[in-house]
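Visitor: Below you'll find the structure I mean.
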Amino acid sequence: MESLDLTLFGLAIFLFAGWCFNWFLHVLAILYGKWKLHRPTPAVPPEDLPGISVLKPLVGVDPHLFENLESFFTLKYPAFELLFCIQDEMDGALMVVKSLCQKYPNVDAKLFLGGKKVGVNPKINNMSIGYEAAKYDLIMISDSGLKMAPDTLLDMALTLTDKVGLVHQMPYACSRKGIASHLEKVYFGSQHAKMYLCADVFRINCTTGMSCLMRKHVVEEAGGLKEFGHYLAEDYFLGQAFLDRGWRVKISSHTAMQNSGMYSISQHHNRLVRWMKLRTAMLPLTMFLEPVSQCMVMGALVSWAVTYLFDWSPLMFFLGHVLVWFLLDYLQIKVIENKPLPFSKFEYIVCWFLNELSYLALIVQSHIDSTISWRGKRFRLRWGGYVEEMHTKQTV
Ligand SMILES: CCCCCCCC/C=C\CCCCCCCC(=O)N[C@@H](CO[C@@H]1OC[C@@H](O)[C@H](O)[C@H]1O)[C@H](O)/C=C/CCCCCCCCCCCCC
Ligand SMILES: O=c1ccn([C@@H]2O[C@H](COP(=O)(O)OP(=O)(O)O)[C@@H](O)[C@H]2O)c(=O)[nH]1
């Protein structure tokens, strides 16, 4: 009996300590975000800036593709080339790129069709020819759904100092109409940003491949881009390859502005489930950490702990916990948005609860099957982050 008491006491102390650590992370993320993000970009003589090859892997067209790609043609940076990679020659994105090349004939832009099969990851396959043709040592991988501010490339290049090998942008989102867009902002501005900013402070690898600038010669030392084609989460392994070679990996002070023209709550959820599956396969520990780091789960566990330890009312404790979390998330989103929020306080309440509650269901869903669907292809995940493509049998 005594050993059971001791175990419960130890568990309650552990949960309470984890809860205190969580508040530390919350406050740290807000303060670090305030300090790190949205810094003014200094003016630098153009001759001091290295050239950059920007790889744009494209699949399909959405209503914002033209404006998103156009934002790369209007970047304020002295020397860069745009390398558009399109895997399917019939893809409508081809027309969009061609019309932008006509509109901006002075921008150094090239088109690569068909890709090259070097592994399982279709994004890597798509980018392979463009990667080989890149003429600068600095390459940037930039997903199709991003819209970039004119000075962001400059900010990223200035963050890439001597010891830094890779600079990535923390994912966030442009303001668009509707609840799905608000939900996306609430997710990326709250729990995602909290972990992302803290991971950067503690130098934990959380490289996200939607927008990252890196030194090509280091990628070559690691075996070239094709080495990362075995994984779907090529971004995490790219970041790790830089860290393993003694390079620093940093975040830019500009966030990655996702601006896909096709967005809905179910698309957002499917994407989060896909990412969770990748994280679980790569880093199995996140399978345990992720649920307990959720507001509602942590609140319920620690309510028990404080009742056991201090005889506090579990209900009052839980409600207070949720309220403080909710308010800190609001402060953090405001720091990341850095301008008036595009939604009302009521919409924030709805999206915050929707995000917190649906995320728990998504965690469960992510463990139900280990296959991943991504842009029309299906993959089976293996431990360690390896993947196999699943081919559906053709019937005649
Ligand atoms: C109390 C401590 C609790 C710690 C709990 C940790 C739980 C982790 C929960 C959330 C982490 C969110 C922040 C990381 C970003 C992850 C986003 C993601 O999963 N992206 C993956 C997919 O990206 C796309 O993949 C396809 C590619 O082609 C696209 O271009 C990509 O955008 C991506 O592959 C994964 C990247 C890295 C995941 C690392 C996760 C480790 C995070 C640990 C943070 C812990 C900080 C705590 C500090 C003490
Ligand atoms: O078969 C594919 C799937 C994706 N991509 C590219 O990979 C990037 C990321 O794709 P998506 O936005 O679907 O990934 P997510 O951010 O949702 O993980 C985009 O530029 C896509 O065009 C690609 O080139 N081929």
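Visitor: Kindly work out what percent of the DSSP beta bridges joining two residues of the chain are antiparallel, to the nearest 5.
Guide: Taking every DSSP beta bridge within the chain, about 45 percent pair in antiparallel fashion.
Visitor: How long, wide and thick is the chain, going by the Cα atoms along their three principal axes, in whole angstroms, largest first?
Guide: That gives 74, 59, 44 Å along the principal axes, largest extent first.
Visitor: Considering only C-alpha atoms, what is the centroid distance from region 103-122 to region 1-71, in Å?
Guide: Going from one Cα centre to the other spans 29 Å.
Visitor: Here is a further query. From Cα pairs below 8 angstrom and at least 6 apart in sequence, can you work out the relative contact order of the chain, rounded to a whole percent?
Guide: Relative contact order for the chain comes out at 21 percent.
Visitor: Taking the Cα centre of region 251-396 as origin, work out the dipole magnitude from +1 charges on Lys and Arg Cβ and -1 charges on Asp and Glu Cβ, in debye rounded to 20.
Guide: My answer is approximately 680 debye.
Visitor: Order by neighbour count: 34, 135, 345, fewest other Cβ atoms within 10 Å first, most last. Numbers along the way, then the final one.
Guide: Details: 34 15, 135 12, 345 9.
The most exposed by this proxy come first: 345, 135, 34.
Visitor: With n ≥ 4 as the cut-off for DSSP H runs, can you work out [θ] at 222 nm for the chain, using -39500 (n - 2.57) per run divided by the number of residues, rounded to the nearest 500?
Guide: -16500 deg cm²/dmol
Visitor: Mind jotting down the distance between the C-alpha centroids of region 138-194 and region 255-317, whole Å?
Guide: Region 255-317 and region 138-194 have Cα centres separated by 22 Å.
Visitor: Over region 74-210, what relative contact order in percent results from Cα pairs under 8 Å that are six or more residues apart?
Guide: Relative contact order here is 22 percent.
Visitor: Just want the ordering: 306, 249, 27, from fewest to most Cβ atoms lying within 10 Å of their own Cβ.
Guide: Going from least to most buried by this count: 27, 306, 249.
Visitor: I've got another one for you. How big is the charge dipole of region 192-300 about its Cα centre, in debye rounded to the nearest 20, if each Lys and Arg gets +1 on its Cβ and each Asp and Glu gets -1 on its Cβ?
Guide: Approximately 140 debye in magnitude.
Visitor: Neighbouring Cβ atoms within 10 Å as the yardstick, rank 159, 207 fewest first. Don't skip to the answer; put the middle values down first.
Guide: Working: 159 20, 207 23.
The order, fewest Cβ neighbours first, is 159, 207.
All of the numbers you see were taken from the coordinates with simple rules; none came from a lab. What you see is a predicted model; the values in this text were computed from it and never measured. Here Cβ is always computed from backbone atoms with ideal geometry, including for glycine, and neighbour counts include all displayed protein chains.
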